[in-house]
Every structure is written in C-alpha cells, then in structure tokens.
Amino acid sequence: MTQVMSTLAKVDWQRMAAYTVNNPKQAFINAAIAYVLFRQTLKMVKKVSIYGLRSTLSLLWKQIAGVLVRHIRRAPGTGIVVQRNISKIVKDIEDSMNVAVPGESKYLTVPEQGMSDDEILAILKRRQNEAGIDWKSGRASGAVYHGGEELVRLTNEAYAMYNLTNPLHPGVFPGLRRIEAEVVRMVLDLYNGDSECCGTTTSGGTESIIMAVRSHVVWGREIRGINNANIVVPVTAHAAFDKAAEYFGIGITHIPVDPHTQKVDVNAMRRAIDSDTVLIVGSSATFPHGVADDLAALGKMAIKYKVGFHIDSCLGSFIMPFLKEAGFPEVVCDFRLPGVTSISCDTHKYGFAPKGTSVVMYYNKQMRHYQYFTISTWPGGIYASPTIAGSRSGAVIAGCWAAMTKMGRNGYLQQCKDIVNCRIEIQKGIEQIPELYVVGEPSSTVVAFSSHEPVGIFGIMDEMKKRGWDLSPLQYPSALHLACTRLTVPVAGEFLRDLSDSVAQVKANPESYNKGSQAIYGFASTVPDTTIIDEVAQGFIDALYAA
C-alpha cells in the first residue's frame, strides 16, 4: 500500500488535468472507459458476494470458453463439422419419433369426405395404445397424476358436458363463471387465504408463474418506478421463471443452493437483491429434488427489502397443505407466512384435475389487477382478459371442479399419506444401496438420487429404462428423480428391486455405459457453448411436429 501511495504522489496531476481540459475528446473517452470499468467492477463484486470467488471464476471461465467455442464454430472448416454433427443428432431424434406404424395411414390434408365415427374412434384408440412407457403400471416419474378410474370417469363426463363452453363469455355461460370462481376459492382455502386474497385459474404451472412475474413487474413499474426490473430465484426454481424473464425482457439472478440440503442459500439471495428487484422466489417443493426452501426466512427478507415474494407450490399442490394432518413434518407454504404476495398451485397434479388447470393466487386484488390485460380503444369493443389466453376451455375447469368436490379433504388427506409414505419407503430403500445416495432433503413426493463413481448414474437410467421405468434425468449435480404418484404406491417394492439390479449391472461393467445417456447428459453438462445444446433442444421440439 505504501508503494502505491508513493507512486501516486509522483504523478503530475495538474499536468494531467490541464491535458484533459485541452482535449475534450480524450476526456470523453477516458470517462467512458472509466464508466465501463466501474460498471463491470460492480457486477464482478456482486457476483463474488453471491457465488463466492471460486464459483465466480468458474462461471467467468465458462463464459470465456463459450465465446471461444462460438468463434471456433464460425471458422469455415470447424463450423461445418460441428453443424454436421448437430444436424445428425437432430435427424436421429426426428427419425426415432417419426416412426412409420405398419398399417397406419397419415392424415396430412383434410379428407375430401368425412370419416365415420367408428373409423375415427378406432384410429384414436390405436394411437392411444402405441408402444411407450407403461404409465398405468406406475412406471413413469410424475407425468400422469391419476386419481382412480372412478374419478377419471366423472371428470370425463364433466369435460364432455362443458366441451363447448368458454369463460371469455360469462354472460353466455354464467354457471361456468361460478364454477371457476369456486375452484379459485377452494384452492385459496387450502392455502389459508383470507377474504382479501384472490386469484385466477390458468392453463398450468408455467402460465401461473408467468402471470405472477408479470404482476410484480407491472407493480414495480407502477408503484416503485422500476423500468429495468429483475427477479431473484434459486437455481432450482422452475424454468418457467427463466421463460418469464425472457418473455418480459427483465433480469434474472440465479442463487446457489446448499449442496447438502439443496435449499436456497438465503444469505446469497439477500446479497443479490438490489433497487431494481421486484420479486424473490421460493419453492415448495422444487421439481428437481422435492425440497422446500426456507420460506419463512425469504418472507422476512421480502418485507425488509420491500419486494414481492412468490411461493411456487405447483408440484407441492395438494400435498403440502395436508402434510401436518397426515402426520408428516409441516411445511408452512401459504398466506400465513408474512411477506407472501403470490402463490402458484397446480390443480392438475395432485389435485387430479384434467391437464391444463392451475391456480395463481395473490394476497390482494390490487396485485391481481397487475396481471390483467385491458384495452378500451379497440374497435372491436372493450377487451379484457385475466391471463394470456383469450378464449379458454370451460371443459377443463368443469373437470377440475368435479375432481376437487369428488375427492374432498378426506380424499386428498389419504392420498397425501399414501404417496408421501411411498416416497419415504423408496428413499429408505435407496439409502440402503451403497452405490447410491439421496440428493437433498425431500419433504414431499419427489426423491432424487445419484451414484458414487465408477457407477454412472445415467447408466443406471438406461438399465432402468430396459426394465420399463421412465426416470427424470437431472444435472448440476447429475442425478435421477422419481416423482411418486398414486400409481407408484403399489409398485414401490418392484421399483427398488429393479433399481438394485440395475446398479449391480452397471457396477459389474461400468465402461460399457460410457455411451447412451451417460454420453448425452455428460456432454450436456460440460460443454461450454450452451447454444449447441439449445440447437439440439430446438431440433427435438421441431421433431414433435414432424408428421
């Protein structure tokens, strides 16, 4: 420090000042450079405060490596080779999906003559039974949230009854309006909402999250004058928050989690909040690991820094509100928590409603108003809609109402007991397999697990797939997860036997699993240029529409 001060003392500051005054162009350049350096330094200091020095340097290296790889891809020879390999991967994906079914026609134009009812239903039945994972036997992770055959028949009847209805026209369908309002009110009751709390139905968890983010962005602009809003979320928060940030052009900061519990680092989140932050997020529970964040601490933080606080309970849905009554440790994830401004809950998961229903809730009507879209100058009349869609299906709302009123609190309580006990049984079984370990501290229906080297976790996934199981692959860290449902309950023992056999198979010859899923997911988690993975993912989506 003494040497630095000595050097500064030798500088002819008067001469430098005179030079700057006489050279305004140079002064402007110097000021611009100083401003850029100052801004970058502030960003770096903030990153270090959130992620720590080692993780910040690692992130910086990945960014630099990503830029280098993108430049290499632009080189004439290398770029062609890389693009050729990406195209091959995408072509393989499309070929694996768009497989010709023997004896099955393709319908690429509207038929000249209408087909008969019997013919149409026969085709639909055949396509319904095309080979895939046997989800009816509980072999799929999540995906299908089945409430029982009797409930399915009832919701199908309700769906058919309201097939032509549209909530956009409450004057035409007043009964549907009441049904939708009652669905929202029933979910609010589960989450301890008082008379001031309110909400809307949406098409699913993603739309519920997008609507909650929109409400807080508009609130920040209207009430706090924030024009460059940002949100702060755990790295384990649902990807819908990233989608919302991209859609609305706002900033998003991802906060690391404790490597043992997988709960968000509360102190790091506090350091990430700035004057443009409009929303912080906690999950109950997270999709990857079924973990509930420290929601009470986040609520206090939201109050202290005067920001919104959203609890994502899309996955926890109709499980978390019944934990205490079912005899499990309680996770308070509702409006009893001070600081909570919005909550999302999927009725089409453990509420057993038809797919395409969710509820987003707010602590008061004013916050819900920020979600709405209205325009009073349209030649077509005054237009107003509560969510992204204009016209919506009244059928799924009627099916949701039917499921909730049929199940009742006692029905949901029993399902909570059965499904969470199933998760606990499977978790204990995993903990008895030396080559495996549970990731995080699950509190709901999801259990995530990984493996000790040399046993590769994605090799285990491939072996389980051979045995008919469809598990969800995770990354950062590499792991698998199983979201238990009502269908998983009777096959928990079978799952553990197949898992033990799969581990033994991979352990006996680990090198033979370096291809397949191990190669794909291992590459995805290490490649510095994420645009390569993005291109493959886009190719996957394109393949969904290949007829």
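Miscellaneous remarks
- Here the gap between LEU121 and ASP258, fully extended at 0.36 nm per residue and compared with their Cα-Cα distance, gives a gain of 44.1 nm.
- From helices alone, the chain scores -16500 deg cm²/dmol at 222 nm; the rule is -39500 (n - 2.57) for each run of n ≥ 4 DSSP H residues, then divide by the residue total.
- Plainly put, the chain has a radius of gyration that is 1.02 times its Kirkwood radius, both from alpha-carbon atoms, as the Rg/Rh ratio.
- When nucleic acids and ligands are ignored and a 1.4 Å probe is applied, PHE328 ends up with an accessible area of around 30 Å².
- Debye-formula intensities of segment 139-184, expressed as log10 I(q)/I(0) at q = 0.13, 0.16, 0.31 Å⁻¹, are -0.43, -0.60, -1.07 (one equal scatterer per alpha-carbon, no solvent).
- Apportionment of accessible area to carbon and sulfur, segment 98-237, percent (1.4 Å): 52
- Kirkwood-based Rg to Rh ratio, segment 331-450, C-alpha trace: 1.11
- Note: relative contact order over segment 451-547, using C-alpha pairs below 8 Å and six or more positions apart, is 35 percent.
- For the chain: relative contact order, % (alpha-carbon pairs under 8 angstrom, 6 or more apart): 18
- Those lysines that a straight Cα-Cα span of less than 17 Å connects to LYS43, excepting residues fewer than 8 apart in one chain: LYS62
- Listed residues ILE311, ALA292, ILE226: farthest to the positive end of the dipole of segment 179-312 (Cβ charges): ILE226
- Percent accessible area from carbon and sulfur atoms, segment 305-367, protein chains only, probe 1.4 Å: 55
- Over the C-alpha trace of segment 209-282, radius of gyration and Dmax come out as 12.2, 40 angstrom.
- With protein chains left intact and a 1.4 Å probe, residues in the chain average 54 Å² of accessible area per residue.
- Cβ-placed point charges (K, R +1; D, E -1), dipole of segment 253-390 about Cα centre in debye, nearest 20: 300
- Efficiency of FRET between LYS300 and ALA131 - r from beta-carbon atoms, R0 56 angstrom, step 0.05: 0.60
- In plain terms, the chain from LYS355 to ALA65 could stretch by 100.3 nm, reckoned as 0.36 nm per residue minus the Cα-Cα distance.
- Each residue of segment 165-323 gets 135 Å³ once the volume of the Cα convex hull is shared out per residue.
- For segment 477-547, the fraction of C-alpha pairs more than 15 angstrom apart is 72%.
- Cα-centred dipole magnitude for the chain, charges only on beta-carbon of K, R (+1) and D, E (-1), debye, nearest 20: 1880
- Rg(Cα) / (2.2 N^0.38 Å) computed for segment 400-547, rounded to two decimals: 1.22
- When HIS452, HIS260 are compared by accessible area of protein heavy atoms, the largest-first order is HIS260, HIS452, using a 1.4 Å probe.
- Estimated FRET transfer efficiency when R0 is 35 angstrom, pair GLU150-LEU108 (beta carbons, to 0.05): 0.35
- Dipole magnitude for segment 159-212: about 220 debye, using +1 per Lys or Arg Cβ and -1 per Asp or Glu Cβ, origin at the Cα centre.
- Simple spin-label estimate for LEU53 and ASN23 in nanometres, 7 Å along Cα-Cβ: 3.6
- Inter-site label distance for VAL99 and PHE540 at 7 Å from Cα along Cβ, in nm: 1.8
- Cα-projected label distance for ASP242 with ALA160, points at 7 Å along beta-carbon direction, nm: 4.2
- Net length gained if the chain between THR530 and SER500 were fully extended (0.36 nm per residue, minus Cα distance): 7.4 nm
- For the peptides 294-302, 63-71, 343-351, the ranking by mean Cβ contacts within 10 Å, running from highest to lowest, is 343-351, 294-302, 63-71.
- Three semi-axes of the equivalent ellipsoid, segment 357-414, Cα gyration tensor, whole Å, largest first: 32, 16, 7
The values are calculated or read from the model by the stated rules, or taken from the named source; none is laboratory data. Predicted model only: the values in this text are computed from it and were never measured. Glycine gets a Cβ as well: all are built from the backbone with ideal geometry, and neighbour counts include every protein chain shown. To get the accessible areas, we keep the full protein, side chains included, count just its heavy atoms, and leave off ligands, DNA and RNA. Shrake-Rupley method; radii C 1.70, N 1.55, O 1.52, S 1.80 Å.
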